[in-house]
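Data first, discussion second: the structure below is written as structure tokens.
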Amino acid sequence: MFFLMLRQSFFRGRRRKALATLTIVLSASLITALMNVSIDVGDKMAREMKSYGANINMVPKSEAIPLEIGGVDYNPLKDRVFINESDLPKIKEIFWHNNIAGFAPFLKTTVEIAGNAKKRINLIGTNFDRQIPIAGDDEFRTGVKVVFPYWQVKGEWPGDEEPAGILAGAALARDLGLKPGDRLTVKGAGDTGREESFVVKGILTTGGAEESALVAPLAVVQRLAGMEGKVQSVSVSALTVPEDKLSRKARQSNDSLDSMEYDRWYCTAYVSSITHQIEEAIPNVTARPIWQVAAGEGAVVNKIQLLMIVVTIAAFIASGLGISSLMATTIMERSREIGLMKALGAADWEVYLLFLSESAFVGVIGGLLGCLAGAGLSQIIGLSIFGSYVSFSPIVVPVNVAVSVLIALSGSLMPSRLITKLYPAEVLHGRR
Amino acid sequence: MAKIVLETKVLTKRYGSVTPLDSIDMQVKGGEWVAIMGPSGSGKTTMLNLLSLLDSPTEGEYILDGVGTATLTEKERVAVRREKIGLVFQQFHLVSYLTALENVMLAQYYHSMVDKGDAMEALERVGLEHRTDHLPSQLSGGEQQRVCIARALINQPAIIMADEPTGNLDEANEEVVLELFKELHREGRTIIMVTHNPELAEFADRVVRLHHGKVVKDA
Amino acid sequence: MLPYLVNFINAFIPLSLAAGMVIALISSLRGGKGYRSLFVAIACGVLAGAVVYPVAFRHESLTSARAILHGAALVAAVLNAGALFIPAGRFAAIGRCAALIFMAALSAASGFSFAAFVAEQSISSTAVLNTELIVNIGGFLAALFVTASLIPMTVCMGGKCGRGTVAAALLLVSLLLAAQWSADILLALMRLEMVELTSARVSVVAKAGKYARLLPYVEALVLASLSLVFFLKRTVIPADELAAMDKAERRKARSGLVTEKRRLKCAVASVLVVLGILLYHDLYASRPPKISKPLNLKPDSEGMIRVKIDDLSDGNLHRYSHVTDDGHVVRFFLINRSGGRKVGVVYDACMLCGDMGYIQEKNEVICIACNVRIFVPSIGKAGGCNPIPLAHKVENGYVVVAAEELDKGAKYFSEVVTVKVKDPVSGKEMISRDAPQKYEFKGRTYYFESEETLEKFKVEPEKFVGEKESRYFRVQGYQGA
């Protein structure tokens, strides 16, 4: 009977219910959008923290600040400290050496394309898939193919030993109209720069800055830049255990660990203990895990989160008030019905239940519609702030429906007190 | 000698300095049909509110079916109301979005549990078996009032209290409703009816006349 | 989500049951009025427990704080149990007071234990709002709902069971809790070095700890048995009696029956939900991963174990075992480590973590003990958390492992089975478990039929067992790259 009444009465006063739903949709879509953006980043961060693999970036300890304008380095390789390429095998000699899945050295220089002197582009030298002599292991092959398995090449990978093969970044290839098989001559920066000629073996898609650069075997770039045996940075791919309480403690400060904790930390393949060991093994380098999201989007997200809290509270109050006045009118209008229920022997709570269920239902519908609208809105936010689409987190839906129901209920609660105050005697015997 | 189902002793209701009902002493026996009459503002409705426990008196005592009502909590008053009193209104007060049958079932629901068969029977009783699935807006005034009576009867109350049951009806419908009340009376139900229609009062066993909140005639 | 759900239920199920039973007892006395003070006591208790934890943590006095809380709860439980024996109606105020104190103390203990759980694991790995955080909060709220709904269920069920039954159930729950608390206090006293550590005491504590896991089940079953009593005492109205009633009266009677049935169903359903959640967690979700069963291989006449390399081409982890002469089970596994025919041949044990073994999940090989992912191409090399390499040869398509070599690794493993052994001195055969004497020499265990043969052996062992290399020890440990 209760559900029958709920169903029948729900379709009464449609205009007002539509209005109430709209109020909730508005606030729910705002909350959804902000929450979705925030959760998207939060999930990425959590995933990195919990993942079993991490990339570590290794740079010289006192690297001079590069003079980069528009992504092109105008102070290439000058006054810089470098890492010796010959030190790299030491990475495979640390305690957790078996957990180092691979590493790729990088040396970046700026070149001009012959016949196009105005155009300065980055030439990145690295290893593609090269055998590195490691003590006790004669078959260790590593390079960007291992470290960045998501790099995609249209065409074929160049060999590390052939000096003429080169990869062109997808964006650069679009700009210059390059395709696999094209020949290309580049000239080192400055008037004294040497010239080298290459064959484009493939077009590289990475989703990063490499897309607008040329990628060549390390040895060639070293020769071109006159930096034999030097590298600028190294990306290391390691198999790790997820961060937990101990590693978080260690991250704050190594000194906060007592000796037993230190041993346990050192002997667990946390990314932090691996970076620590790399720093121990190779002098004058800094190794840092790349929390890709944490660094970039994290700062923005903190602001978004604050905004979200403020908006949520504001939306809560605003739509709560809206619902409240709508509910008050509804109760006034249906006072005879309420009076009758009471006269028939309904307890106050039974009447409450009917009205609150109705508004909870409005909340559910509003919340669901709000999720839809908010999903679209979050894409706009994502595009304008991060320049990328935001994936929709399913958890937003239940949370938003819960919040919407909460808004609807708390908005209805105040006017519902009118039900208690309503005396059937006053409304039932009115002479029309 | 029928037993007394309703008894009031110096029943008084005051709103500030106004006293719509002043020291009413009345007894109603089982099976009696009592008409309460009087001009507007004589306290008829106030009296009915007090008798149907929708309102509580300022002074005096009201004993319904052997239960003193002065000490009851609100919850207990609600319970007494739904079990012992059937209400018939001038405005019918049917729930507009429920069918005739569902309106009757609503009374069952608040009383205990719904039983469709019982509700159908009650509607048959008032001659509406062919109109059970109609909404109140699709029913004529007389039919609505009959649904209202069926609803009042469904929980087999000790007393039926009607407030101007024919006040909003045309003559033909008035006749039908009146016949129903007569039938109820013949069955031995106790009826208290507030009216200012002397024709209706003629059929009552007893007419209580109120004036300025006092009983001026009881015969 | 699940850990929060389960731990909340574990922490609070005794509280909600006891609260329900206390309310049932009080309302049977006083007509169902005035248990607001009870809920105030519960709320204060939970809050106090939750506040005590961080304070105690900061002052590094968790053990004593826990012991004090449990001690207080123990005293309160005893008081309350005593008050239960006061006949109904008399000194009701004392019973009420005792119940209030008991509730407050119990809630404090519950609040403390849940606060400890929350503090021990992070509710979220980052400060930014994320799915994990929301789901964990969802688990917490679901648990709150489940445990809170147990209170009215218990009141309903208990209300019909009669004072005696409810009091007995309450006594049972109190007794179980009290046993747990006493064991905990004993443990704390030993830790704080206030009582002497004896093996009897340790075994009491250990037993209590073992059975503590079963406590929530028992408590759910208490509610189940209350429901059973409720079912046995349910109202039954004979059909003819029902038929004789007025319509309205009959409907009222039937609605009473329906309500009763509905309550019973709810109670049974909530018991089932609680049991379901607990069982799912304990039997399925929280179990550590287990290694696959190794295939037992016997060496051939030359003392060699051969495995065909082609069998390994599926890239899976192939686990084998070998039982040494003295009953050690030595596990080792082979895996094709780099697409080609290169095979990693290793003991199924880690220098750092011991012999829990490694499992394969999809393409990853994981050390169970420390959850570290092993770089598959590196299997067969020593270091880090890699499995210990096993000396082997590759001969015409077969990996050949010497049983002698496996024997040397026996010390890496703790599993020992009963085997037939020979007294090296007299040559008498016996069952290793029943051998009267045993002696360890160069890491191997030898069994003797009498003290006499043992003494002979001790004088010049090499004469009986020859010049064998001694077994490896884990402490020899890290052998370098």
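Could you list all residues from the stretch A:231-285 that are buried (at least 16 other Cβ atoms within 10 Å of the Cβ), among the small types (Gly, Ala, Ser) and either farther than 30 Å from residue A:123 by Cβ or within 14 Å of chain C (Cβ to nearest Cβ) (or both)?
Hits for the stretch A:231-285 are A:237, A:238, A:247, A:250, A:269, A:272, A:273, A:281.
Looking at this structure, is residue B:201 closer than 26 Å to residue B:63 by Cβ and modelled with pLDDT of 90 or more?
No; evaluated as a whole, the condition is false for this residue.
Given (1) in contact with a helix residue (DSSP H, G or I) (Cβ under 6 Å, 6 or more places away or on another chain); (2) farther than 18 Å from residue B:141 by Cβ; (3) surrounded by fewer than 19 Cβ atoms within 10 Å (Cβ to Cβ), identify the lone condition not met by residue B:160.
(3)
Answer with yes or no whether residue C:187 is aliphatic (A, V, I, L, M), at pLDDT 90 or above and part of a helix (DSSP H, G or I).
In short, no.
Checking the conditions here, which among C:142, C:109 is touching a Leu at 6+ places or on another chain (Cβ under 7 Å) and within 14 Å of chain A (Cβ to nearest Cβ)?
C:142
State the number of residues belonging to the stretch B:8-18 that are buried (at least 18 other Cβ atoms within 10 Å of the Cβ) and either more than 10 Å from residue B:59 (Cβ to Cβ) or under 18 Å from the mean Cα position of the chain (by Cα) (or both).
1
Taking the conditions exactly as written (of a type in the set (A, V, I, L, M) and either within 14 Å of residue C:9 (Cβ to Cβ) or touching a His at 6+ places or on another chain (Cβ under 9 Å) (or both)), does residue C:137 satisfy them or not?
no
All but one of (1) modelled with pLDDT under 80; (2) outside any loop (DSSP other than H, G, I, E, B) hold for residue A:192; state the number of the condition that does not hold.
Answer for residue A:192: the failing condition is (2).
Answer yes or no: is there a residue in the stretch B:86-98 that is closer than 25 Å to residue C:262 by Cα and in contact (Cβ under 8 Å) with a residue 12 or more places away in the chain.
No, there is no match, as no residue in the stretch B:86-98 is closer than 25 Å to residue C:262 by Cα and in contact (Cβ under 8 Å) with a residue 12 or more places away in the chain.
I need a count of the residues in the stretch A:286-306 that are surrounded by fewer than 18 Cβ atoms within 10 Å (Cβ to Cβ), among the β-branched types (Val, Ile, Thr) and either assigned to a helix (DSSP H, G or I) or at pLDDT 80 or above (or both).
Of the residues in that region, 2 qualify.
Filter the stretch A:389-426 down to the residues that are surrounded by 19 or more Cβ atoms within 10 Å (Cβ to Cβ), away from chain B (no Cβ under 14 Å) and under 19 Å from residue A:356 (Cα atoms) and list them by number.
Answer for the stretch A:389-426, where residues must be surrounded by 19 or more Cβ atoms within 10 Å (Cβ to Cβ), away from chain B (no Cβ under 14 Å) and under 19 Å from residue A:356 (Cα atoms): A:400, A:401, A:403, A:404, A:405, A:407, A:408, A:411, A:412, A:415, A:416.
Do you know which of the residues in the stretch B:197-219 that are of a type outside the set (A, V, I, L, M, F, W, C) and touching a Gly at 6+ places or on another chain (Cβ under 7 Å) is farthest from residue B:8 (Cα to Cα)?
Within the stretch B:197-219, the match that is farthest from residue B:8 (Cα to Cα) is B:211.
Of (1) out of contact with any strand residue (DSSP E or B) (no Cβ under 6 Å at 6 or more places or on another chain); (2) free of Cβ contacts under 8 Å to residues at least 60 places away in the same chain, residue B:39 satisfies all except one. Which?
Only one criterion is unmet by residue B:39, namely (2).
Quickly run through the stretch B:87-129 and pick out the residues that are within 7 Å of another protein chain (Cβ to nearest Cβ) and β-branched (Val, Ile, Thr).
B:95, B:114
Just one of C:149, C:203, C:174 is farther than 26 Å from residue C:264 by Cα and in a helix (DSSP H, G or I); which is it?
The match here is C:203.
Please state which of the following conditions residue C:334 fails to meet, knowing it meets all the rest: (1) within 12 Å of chain A (Cβ to nearest Cβ); (2) touching a helix residue (DSSP H, G or I) at 6+ places or on another chain (Cβ under 7 Å).
Among (1) within 12 Å of chain A (Cβ to nearest Cβ); (2) touching a helix residue (DSSP H, G or I) at 6+ places or on another chain (Cβ under 7 Å), residue C:334 violates only (1).
Please go through the stretch C:352-373 and give me each residue that is among the aliphatic types (A, V, I, L, M), part of a loop (DSSP other than H, G, I, E, B) and more than 9 Å from chain A (Cβ to nearest Cβ), ordered by number.
C:356, C:368, C:369 - these are the residues of the stretch C:352-373 that are among the aliphatic types (A, V, I, L, M), part of a loop (DSSP other than H, G, I, E, B) and more than 9 Å from chain A (Cβ to nearest Cβ).
If a residue must be within 14 Å of chain B (Cβ to nearest Cβ) and in a loop (DSSP other than H, G, I, E, B), how many such residues does the stretch A:338-388 contain?
4
Which of the residues spanning the stretch C:369-394 are touching a Lys or Arg at 6+ places or on another chain (Cβ under 8 Å) and not small (Gly, Ala, Ser)?
Hits for the stretch C:369-394 are C:376, C:377, C:379, C:389.
Considering the stretch C:388-418 alone, what residues qualify as being among the acidic types (Asp, Glu) and under 29 Å from residue C:431 (Cβ atoms)?
C:404, C:405, C:407, C:415
Filter the stretch C:87-97 down to residues that are modelled with pLDDT of 75 or more and of a type outside the set (D, E, K, R) and give me whichever is surrounded by the most Cβ atoms within 10 Å (Cβ to Cβ).
Filtering the stretch C:87-97 for residues that are modelled with pLDDT of 75 or more and of a type outside the set (D, E, K, R), the one surrounded by the most Cβ atoms within 10 Å (Cβ to Cβ) comes out as C:95.
Testing residue C:433 on (1) touching a residue at least 12 places away in the same chain (Cβ under 8 Å); (2) assigned to a helix (DSSP H, G or I); (3) farther than 14 Å from residue C:328 by Cα, one condition comes back false. Which one is that?
Residue C:433 satisfies every listed condition except (3).
What number goes with the only condition from (1) more than 34 Å from the chain's Cα centre (by Cα); (2) in a loop (DSSP other than H, G, I, E, B); (3) outside the structural domain of residue C:300 (by TED's automatic domain parsing); (4) surrounded by 14 or more Cβ atoms within 10 Å (Cβ to Cβ) that residue C:457 does not pass?
(2)
The values are calculated or read from the model by the stated rules, or taken from the named source; none is laboratory data. It should be emphasised that the depicted structure is a prediction, and the values quoted were computed from it without experimental measurement. Every residue, glycine as well, gets a Cβ built from its backbone with ideal geometry; the counts of neighbours run over all protein chains shown.
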